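Read the structure below first, then the notes.
The values are calculated or read from the model by the stated rules, or taken from the named source; none is laboratory data. All figures in this text were calculated on a predicted structure; none of them were measured in a lab. So basically every Cβ, Gly included, is an ideal-geometry build from the backbone, and we count neighbours across all protein chains shown.
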Amino acid sequence: MRQKIAAGNWKMNLTLPEARQLTQEIKHHKIPKDVNVILGCPSPFLYMMNSLVEKTDRLNIAAQNCNNNDSGAYTGEVSHSMLSSVGVNYVIIGHSERREYFNESNKLLKEKINTLIANGFKIIFCCGEPLKIRKAKTQSNYVLNQLQQSLFHLTSDEMKQIIIAYEPIWAIGTGLTASPAQAQQMHSFIRKQLNSKYGKATSEATSILYGGSVKPGNAKELFSMKDVDGGLVGGASLKPEMFKNIINAF
Ligand code: 13P
């Protein structure tokens, strides 16, 4: 059975009191038994948010980024040992905003993944195409290339630490959602690639999340698709009522 996951990505939003309030509300929500909730917090909040949730079943905190180096002169960056030392063991890697605004290449993401895998982290690896690629109908090759260049060097044992998030860039923060059929089509494609690279056990065990304007109104239908194992949610994860409804949508 694949894990069902409702993950929030707060991006660069909220102050500490707001983050605490939001986390408390999610903590007191009855999370369905088979659902894992992950909150992607900004770095300054990680220690406190993790302390808030560490005794709560099925509720985890994720960092939104991590440097590929172990330590050193990288002003402003966060290392894997810093994250471990505050109890965080999930990291979002390769979000399209990191790729676009911070020039993170497939090659750099591969290095980040290697560092995190070696140190026992779980990784939410984001992939997804821009509108131009979708219009040219070459999205499958585009996503496959992202997987091949950053992920497919891992062993099947290491793949157990990976959650994939398919986030078409044209659907992020735009209110445009991939239709459930479009999401299913790409998720099924990704699972087929996992199958041909790693075999059935790995492809059936890897959770693939959909991200891009997930809201309470569309989550149920998206999550009911065969290969959609949950969502990576931006805007709607900042609103407790909306996010709770998304958690309940499985
Ligand atoms: P929105 O849900 O705001 O479209 O953001 C999606 C996203 O980028 C999650 O990582």
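Is there any pair with a first residue in the range 11-35 that is among the acidic types (Asp, Glu) and a second that is not in a helix (DSSP H, G or I) whose Cβ atoms are under 6 Å apart and which are 6 or more apart or on different chains, and what are they?
Asp34/Lys4
Taking the range 145-190 on its own, how many of its residues are more than 16 Å from the chain's Cα centre (by Cα), away from the ligand (no atom under 16 Å from the Cβ) and either in a helix (DSSP H, G or I) or at pLDDT below 95 (or both)?
9
I need the full set of residues from the range 59-77 which are buried (at least 18 other Cβ atoms within 10 Å of the Cβ) and either of a type in the set (A, V, I, L, M) or out of contact with any Phe, Trp or Tyr (no Cβ under 6 Å at 6 or more places or on another chain) (or both), in order please.
Scanning the range 59-77 gives Leu59, Ile61, Ala62, Ala63, Gln64, Asn65, Cys66, Asn68.
Given the conditions (1) under 23 Å from Asn114 (Cα atoms); (2) at pLDDT below 95; (3) not hydroxyl-bearing (Ser, Thr, Tyr), and given that Ala63 satisfies all but one, which numbered condition is not satisfied?
If we test Ala63 against (1) under 23 Å from Asn114 (Cα atoms); (2) at pLDDT below 95; (3) not hydroxyl-bearing (Ser, Thr, Tyr), just (2) comes out false.
Which count do you get for residues in the range 191-215 that are of a type in the set (Val, Ile, Thr), within 15 Å of the ligand (Cβ to nearest atom) and either part of a strand (DSSP E or B) or in contact (Cβ under 8 Å) with a residue 40 or more places away in the chain (or both)? Lay out the reasoning, then the answer.
Taking the range 191-215 and keeping what is of a type in the set (Val, Ile, Thr), we get 202, 206, 208, 214.
Restricting the remaining residues to those that are within 15 Å of the ligand (Cβ to nearest atom) gives 208, 214.
Keeping just the survivors that are either part of a strand (DSSP E or B) or in contact (Cβ under 8 Å) with a residue 40 or more places away in the chain (or both) gives 208.
Number of matching residues: 1.
Please list, ordered by residue number, the helices (runs of 4 or more DSSP H) wholly in the range 2-107 having 2 or more residues that are among the acidic types (Asp, Glu). Steps first, please.
Values: elements: 16-27, 46-53, 80-85, 96-101.
By residue number, 16-27, 96-101.
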